[in-house]
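*Asks:* Next up is a structure, given as structure tokens.
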Amino acid sequence: TMDLTDLTRPVREGEQFDTGKVEAFLKERIPGLAGDLTVRQFPGGHSNLTYLVRVGGRELVFRRPPLGRKAKTAHDMGREYRILQAIRPAFPYCPEPLAYTDDETIIGSPFYVMEPVRGIILRKDLPKGLSFTPAEAGRLCERLIDVFVELHRVDYRKIGLGDFGRPEGYVKRQVEGWSERYRAARTPDAPDCEAVMAWLREKMPPESPFVSVIHNDYRFDNVVLDPQDPLRIVGVLDWEMATIGDPLMDLGGALAYWVNRADPPPMQAIRMVPTHLEGMFTRSELIRRYAERMRIAVENVDFYYCFGLFRLAVIAQQIYWRFYHGQTKDERFNLMIVAVQVLEERARQAIGRSAL
């Protein structure tokens, strides 16, 4: 079985922290820790830094903000920790948070630790030795949606997140905010996206009657599968963008990552998760399952899908902007411009076919 430990690497240059101080803090806060602290780093993620910390026989996942950016991200750690604390009792797929501090004398920024969630994470292609029959692939899609619906059905007020987000005007703020971010990150070689942004502004659905906890990055590679039974989901990771808002925006975000088997080659080229396998649901089947399980009519789905594609284009463009301006030498980021072009084209196709 593949587990998280296979994915860790030695800590990247410049991203080390004072292990002595962290060890003292953890031993004070978490009962029963004994032994020396060792640390390795998870390579993924474009924002917060994640490490695997081992103290004696106990493993913990350690999260801190990226280096260099202060103020706004500093408070993100506390926010993320609070979300995990609130959601975990109502939604057991959420990792268990163990300790948080905003005392910057320890490593220079706030940080928190949580229990690791062990298991298989699906990336672009299946790990060696794992395969799904078409029927199994279909069942996995059903479970993916069922867990998503479980999250959207959590009573966010009852778990103490009633004051957490601002659900009124959520969609409007998202459309305006991501449009501003795109214009700010645009490079001369990027599409202008003005037609897409204008359509999103014009077709914004009325205020949603549904409000829920939304994950905002729900996709196969943020879900952990049981190594003993890979059709069973045991964890949902990466809660840094979670908030309270319209669950259909969360659905749109998930659909944007979903590349159908029959999608054209440019979409296959930017696929990040194995949604192309035989038996995997199509986007339409996902929407149908979601609507049935949520017991709601999913209206305006073209708007939500198109917004999801656009938001993904903005995220890719923000990463590419850093490469374009020489702030990173990482060649992978050079390819982000291709993703931006494909997603913009895809959004325009969706608009062209839309009855909205």
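*Asks:* Can you pull out the residues in the stretch 299-314 that are open to solvent by 20 Å² or more (accessible area, probe 1.4 Å) and assigned to a helix (DSSP H, G or I)?
*Replies:* The initial filter retains those residues of the stretch 299-314 that are open to solvent by 20 Å² or more (accessible area, probe 1.4 Å), namely 299-302, 305, 312.
Val301, Asp302, Tyr305, Leu312, listed by residue number.
*Asks:* A further question follows. Given the conditions (1) free of Cβ contacts under 8 Å to residues at least 60 places away in the same chain; (2) in a helix (DSSP H, G or I); (3) over 27 Å from Asn260 (Cβ atoms), report the number of the one that Arg157 does not fulfil.
*Replies:* Result: Arg157 fails condition (2) only.
*Asks:* In the stretch 172-195, which residues are of a type in the set (S, T, N, Q), open to solvent by less than 30 Å² (accessible area, probe 1.4 Å) and assigned to a helix (DSSP H, G or I)?
*Replies:* Within the stretch 172-195, just Ser179 meets the criteria.
*Asks:* Exactly one condition in (1) surrounded by 15 or more Cβ atoms within 10 Å (Cβ to Cβ); (2) over 17 Å from Arg271 (Cα atoms); (3) modelled with pLDDT of 95 or more is false for Arg322; which is it?
*Replies:* All conditions pass for Arg322, except number (3).
*Asks:* Report yes if some residue within the stretch 239-248 is among the β-branched types (Val, Ile, Thr) and free of Cβ contacts under 8 Å to residues at least 40 places away in the same chain; otherwise report no.
*Replies:* No; the residues of the stretch 239-248 include none that is among the β-branched types (Val, Ile, Thr) and free of Cβ contacts under 8 Å to residues at least 40 places away in the same chain.
*Asks:* Could you tell me which residue of the stretch 225-276 is farthest from Arg346 (Cα to Cα), considering only residues that are among the polar types (S, T, N, Q) and not in a helix (DSSP H, G or I)?
*Replies:* Among residues in the stretch 225-276 that are among the polar types (S, T, N, Q) and not in a helix (DSSP H, G or I), the one farthest from Arg346 (Cα to Cα) is Gln228.
*Asks:* Note down all Cβ pairs under 8 Å where the first residue falls in the stretch 123-134 and is on the phi < 0 side of the Ramachandran plot and among the polar types (S, T, N, Q), the second is surrounded by 12 or more Cβ atoms within 10 Å (Cβ to Cβ) and in a loop (DSSP other than H, G, I, E, B), and they're at least six residues apart or on different chains.
*Replies:* Once the first residue is on the phi < 0 side of the Ramachandran plot and among the polar types (S, T, N, Q) and sits in the stretch 123-134, its partners that are surrounded by 12 or more Cβ atoms within 10 Å (Cβ to Cβ) and in a loop (DSSP other than H, G, I, E, B) give Thr133/Gly279.
*Asks:* For the stretch 154-171, name all the residues that are buried (at least 16 other Cβ atoms within 10 Å of the Cβ) and over 26 Å from Glu344 (Cα atoms).
*Replies:* Val154, Tyr156, Ile159, Leu161, Phe164, Gly165, Pro167
*Asks:* Residues of the stretch 278-293 being part of a loop (DSSP other than H, G, I, E, B) and surrounded by 19 or more Cβ atoms within 10 Å (Cβ to Cβ), which ones?
*Replies:* Listed by number, the residues that qualify are Met280, Phe281.
*Asks:* While we're here: Give the residues of the stretch 196-216 that are assigned to a helix (DSSP H, G or I) and surrounded by 13 or more Cβ atoms within 10 Å (Cβ to Cβ), sorted by residue number.
*Replies:* Within the stretch 196-216, Val196, Met197, Trp199, Leu200 qualify.
*Asks:* Across the stretch 95-114, what is the total count of residues that are modelled with pLDDT of 95 or more and either open to solvent by 30 Å² or more (accessible area, probe 1.4 Å) or of a type in the set (Lys, Arg) (or both)?
*Replies:* Total meeting the criteria: 3.
*Asks:* A further question follows. Which of the numbered conditions does Phe220 fail, given that it passes all the others? Conditions: (1) closer than 20 Å to Arg289 by Cα; (2) free of Cβ contacts under 8 Å to residues at least 60 places away in the same chain; (3) open to solvent by less than 40 Å² (accessible area, probe 1.4 Å).
*Replies:* Result: Phe220 fails condition (2) only.
Yes or no, residue by residue, for (1) part of a helix (DSSP H, G or I); (2) out of contact with any helix residue (DSSP H, G or I) (no Cβ under 6 Å at 6 or more places or on another chain):
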position: Pro89; (1), (2): no, yes
position: Cys94; (1), (2): no, no
position: Leu98; (1), (2): no, yes
position: Val113; (1), (2): no, yes
position: Leu140; (1), (2): yes, yes
position: Arg143; (1), (2): yes, yes
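*Asks:* Please state which one of Ile319, Ile296 is of a type outside the set (Phe, Trp, Tyr), out of contact with any strand residue (DSSP E or B) (no Cβ under 9 Å at 6 or more places or on another chain) and in a helix (DSSP H, G or I).
*Replies:* Numbers: Ile296 fails: in a helix (DSSP H, G or I).
So the residue among Ile319, Ile296 that is of a type outside the set (Phe, Trp, Tyr), out of contact with any strand residue (DSSP E or B) (no Cβ under 9 Å at 6 or more places or on another chain) and in a helix (DSSP H, G or I) is Ile319.
*Asks:* Turning to a different aspect of this structure: Please indicate, with yes or no, whether at least one residue in the stretch 121-135 is closer than 30 Å to Phe25 by Cβ, open to solvent by less than 40 Å² (accessible area, probe 1.4 Å) and not in a strand (DSSP E or B).
*Replies:* yes
*Asks:* Among the residues of the stretch 1-47, which ones are touching a helix residue (DSSP H, G or I) at 6+ places or on another chain (Cβ under 8 Å), open to solvent by 50 Å² or more (accessible area, probe 1.4 Å) and at pLDDT below 85?
*Replies:* Those that are touching a helix residue (DSSP H, G or I) at 6+ places or on another chain (Cβ under 8 Å), open to solvent by 50 Å² or more (accessible area, probe 1.4 Å) and at pLDDT below 85: Gly44, His46.
*Asks:* In the set Arg88, Arg82, which member is basic (Lys, Arg), at pLDDT 95 or above and either open to solvent by 60 Å² or more (accessible area, probe 1.4 Å) or under 23 Å from the mean Cα position of the chain (by Cα) (or both)? Give the steps one after another, and end with the answer.
*Replies:* Numbers: Arg82 fails: at pLDDT 95 or above.
One residue alone meets the criteria, Arg88.
The values are calculated or read from the model by the stated rules, or taken from the named source; none is laboratory data. This is a predicted model, so every value here is computed, not measured. Quick reminder, even Gly has a Cβ in these numbers, built from the backbone with ideal geometry, and neighbours come from all protein chains shown. Only protein heavy atoms, including side chains, enter the accessible area calculation; ligands, DNA and RNA are left aside. Shrake-Rupley method; radii C 1.70, N 1.55, O 1.52, S 1.80 Å.
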